[in-house]
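Please treat every number below as a calculation from the coordinates, not as lab data. In this text the structure is predicted, and so the values were computed from the model without any measurement. When we count neighbours, we look across all protein chains shown, and the Cβ atoms used for this are built from the backbone with ideal geometry, even at glycine.
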Amino acid sequence: MPPLETESEPTTGITTTPTSTPPPTTSFKKHPPKVVRTRRRTVRVVFRFGSDQTAVTFLCKVDHGRFHPCGARLSRWFPLGGHTVRVKAQDAAGNVDSTPAVFRFRVKRVG
């Protein structure tokens, strides 16, 4: 007896493209007052970040530095003077907020 022949299913030729999602929007959930007063030359300041999307990572930039990966919280010492913190969210698809959230404040010595 000859072997049975089988037919393979034809391929559909359809390719799917993932749907594009808008980039996340970034915000500050916690930040210091506009003027931080201290008796020392430096002060520890804490920021918390948020986004309108879940499962995002954050990129932070302090003063004139570069953007670098950071968590949803930034805690660091700042010297006297004016400072700017910028943060932008990046989603799992790689979309990055094109308008970073910006917070400006001043560390002022008192006493």
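One table, with the values for the structure above:
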| item | result |
| --- | --- |
| Residues 30, 61 arranged by fewest to most Cβ contacts within 10 Å | 30, 61 |
| Around residue 86: net Lys/Arg minus Asp/Glu count, Cβ-Cβ under 13 Å | +2 |
| Gained length - residue 80 relative to residue 92, 0.36 nm times residue gap less alpha-carbon distance | 0.6 nm |
| Sites residue 37 and residue 63, calculated FRET efficiency, Cβ-Cβ separation with R0 25 Å, nearest 0.05 | 0.80 |
